[in-house]
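Below is one structure, written out as structure tokens; the observations come after it.
The values are calculated or read from the model by the stated rules, or taken from the named source; none is laboratory data. Here the structure is a predicted model, which is why all the values come from computation and not from measurement. Positions of Cβ are backbone-derived with ideal geometry, glycine not excepted, and every protein chain shown enters the neighbour counts.
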């Protein structure tokens, strides 16, 4: 969030995506050590270095590190897209005076599903389910997108996993 | 200085050739690609790294080997594949070289 805020203050349009964004939407249930921001517009290396230095990050190769934090920040090349869909509308997230652009919960869920669909990465499926459990997800939009990506069957599997996770959660909360 | 006899719409000739080869092979690793394209390993690795930074290819680890493929999560993946298929049409020699690679399984320790 502080990195996003620093980017914004320096006039850099950066959207938090990937695992770190999923971590926000799962309330920290899932952790990621790489923080990915997709930039848009014209940004110079000097501008980016200055914005990152403001929050204590220094450039090391093609990513930024901080002497006291475990995670590192990367800026993968855009455009901001989820699978073939590049009409992605980021949302602003606030925490006190700190503001940062992130993927919406629905888009973060789609982003994790894309990793499961295309890389067969089951951990990403679990994270997508965790996002769906904690947030209101526009499931019809996710279904349409899954169809476009050619993974309707996997969407049904995701849906079944969400239902099962909800059932287990209800079961747990009823126990004395 | 050698004369460039092929177009290289993806930047360097090696970047373009790597993409063409990967589109035919589904996935490969740097040494295999370098052998196939008769290119130095270092320039093949450099091309793969820059294509990875651009999001056009993605890699996973298998032991100590990095296995590369065209990134299916790239937003223009299907258009890119269509374009590469078209670019591959006159590349008869490359297609033959790829076809000569053994891809089917072979039982462990079975002689070649």
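Observations on the structure shown:
- Note on region B:45-64: residues that are away from every other protein chain (no Cβ under 13 Å) and either part of a loop (DSSP other than H, G, I, E, B) or modelled with pLDDT of 95 or more (or both) total 6.
- Filtered residues of region A:135-151 (kept if assigned to a helix (DSSP H, G or I) and either within 14 Å of chain B (Cβ to nearest Cβ) or exposed (fewer than 13 other Cβ atoms within 10 Å of the Cβ) (or both)): A:140, A:145, A:146, A:147, A:148, A:149
- Members of region A:21-44 found to be away from every other protein chain (no Cβ under 14 Å), surrounded by fewer than 19 Cβ atoms within 10 Å (Cβ to Cβ) and without any contact (Cβ under 8 Å) to a residue 60 or more places away in the chain, listed by number: A:28, A:31, A:32, A:33, A:34, A:41, A:42, A:43, A:44
- Residue B:69 vs. criteria outside any loop (DSSP other than H, G, I, E, B), within 14 Å of chain A (Cβ to nearest Cβ) and over 27 Å from residue A:86 (Cβ atoms): no
- Some residue of region A:89-100 being in contact with a strand residue (DSSP E or B) (Cβ under 9 Å, 6 or more places away or on another chain) and within 14 Å of another protein chain (Cβ to nearest Cβ): no
- All conditions but one from (1) farther than 21 Å from residue B:55 by Cα; (2) loosely packed, with under 15 Cβ neighbours inside 10 Å; (3) away from every other protein chain (no Cβ under 14 Å); (4) modelled with pLDDT of 90 or more apply to residue A:174; the one that does not is (4).
- Some residue of region B:1-18 being crowded, with 17+ Cβ neighbours inside 10 Å and under 18 Å from residue A:77 (Cα atoms): yes
- Search result, residues across region A:56-70 that are in contact with a strand residue (DSSP E or B) (Cβ under 9 Å, 6 or more places away or on another chain), away from every other protein chain (no Cβ under 14 Å), surrounded by 10 or more Cβ atoms within 10 Å (Cβ to Cβ) and more than 17 Å from residue A:15 (Cα to Cα): A:57, A:58, A:59, A:65, A:66
- Within region B:1-26, being at pLDDT below 95 and touching a strand residue (DSSP E or B) at 6+ places or on another chain (Cβ under 9 Å) holds for B:25, B:26.
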